[in-house]
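The values are calculated or read from the model by the stated rules, or taken from the named source; none is laboratory data. Note that the structure is a prediction, hence the values are computed from the model and not measured. Please note: Cβ atoms are built from the backbone with ideal geometry, for glycine as well, and neighbour counts cover all protein chains shown. What goes into the accessible areas is simple: the full protein's heavy atoms, side chains included, and nothing from ligands, DNA or RNA. Shrake-Rupley method; radii C 1.70, N 1.55, O 1.52, S 1.80 Å.
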Amino acid sequence: MKKRRLIAIVIAFILTVAATAMWSAATVEREGDPDANVLEDSGSETGTVDAPKKGGNKVVRVLAAPFKAFGKLFRHKDRIERMSEKDSDKFATVGVARTEDGRYPEADKTSTSVTAKEHLAAGREFLLAGRLNEAITELSTAASIDPKLSEAHNLLGVAYDKKGFADRAKDAYQIAVKAQPEDPEILNNLGFSLYQNGNYRAAVDRLKRAAKLAPNDARILNNLGLALCRLGKFDDAYKQFARATGAYTGNLNTARMLERFGRDDDAIKYYEAARRIEPNSTLAVKRLADLYKRTGRTDPSQPADNGTTAVAAASTVGK
């Protein structure tokens, strides 16, 4: 009987932790810039080019969350420390040795490269595999062999950004820009890096230059919109979001950003514009109902409430 009770308690504990982890997976497990994540939820591209996505598959993250939670409970305390900036200084002079790792045979195959372009290819493989230390080693070697190889500096900036070395990332991007001043991808990466580190005016400057060179690049336009939001220029931000994804999604993205900054009245204006374009938009209708209620605007909220009820009723009839 004791054994049964103990098993029941353990099962209940497992289910509780699993439910909690699954509920919080979309926030706790989510990495990257929070504002960029908001846009990505609507299907809008943001961030740097040639960088592996951190978000991953949401369903997989949710299913993996309970196991990660248990791993954190029973994980051994000794951990390998992340590379420091002092360690990264050694990459310019350290010799490159072959690394045997069956998990990434393609990346290991290139680790004995001798030319700058071969080191670049190896570094790109490591970067895409998420092996940032090895990527930095290979890309640093490529840049050292051929200082004019702009792509090596660009990807080195991406790798440094992911390690959290903002200053080093900025230096690498600037070298890449100096070598290729008309490359919109490099300008975008530098601009997004500046944005992530709070240098919004400089970010807008670089991203505007990138947008001029690639006027139809949705990623660049969305990044520019994010930076403009941080400067409080929401009308200008909307123009960039709309250019990137169309008027409907542009209105939704602007409204979401205004909500994040606590500007509910302005957010209502953009949600209303989105609803005029798509009257059956569940998201716009729901957010309007919540915002009208939150701001105490009871009379204008009535249509939004009715819309929410209509959506719910339609859902019930469908069942």
Within the range 210-241, residues being touching an Asp or Glu at 6+ places or on another chain (Cβ under 9 Å), part of a helix (DSSP H, G or I), of a type outside the set (A, V, I, L, M, F, W, C) and open to solvent by 20 Å² or more (accessible area, probe 1.4 Å) number 2
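Residues checked against (1) open to solvent by 50 Å² or more (accessible area, probe 1.4 Å); (2) under 18 Å from Lys293 (Cβ atoms); (3) within 21 Å of the chain's Cα centre (by Cα); (4) among the charged types (D, E, K, R):
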site: Arg243; (1), (2), (3), (4): yes, no, yes, yes
site: Gly250; (1), (2), (3), (4): no, no, yes, no
site: Phe261; (1), (2), (3), (4): yes, no, yes, no
site: Arg276; (1), (2), (3), (4): yes, no, no, yes
site: Asn280; (1), (2), (3), (4): yes, no, no, no
Test: Arg287 is in a helix (DSSP H, G or I), buried (at least 16 other Cβ atoms within 10 Å of the Cβ), at negative phi and of a type in the set (Lys, Arg): yes
Which of the residues that make up the range 173-199 are surrounded by fewer than 24 Cβ atoms within 10 Å (Cβ to Cβ) and in contact with a Ser or Thr (Cβ under 6 Å, 6 or more places away or on another chain)? Ala179, Gln180
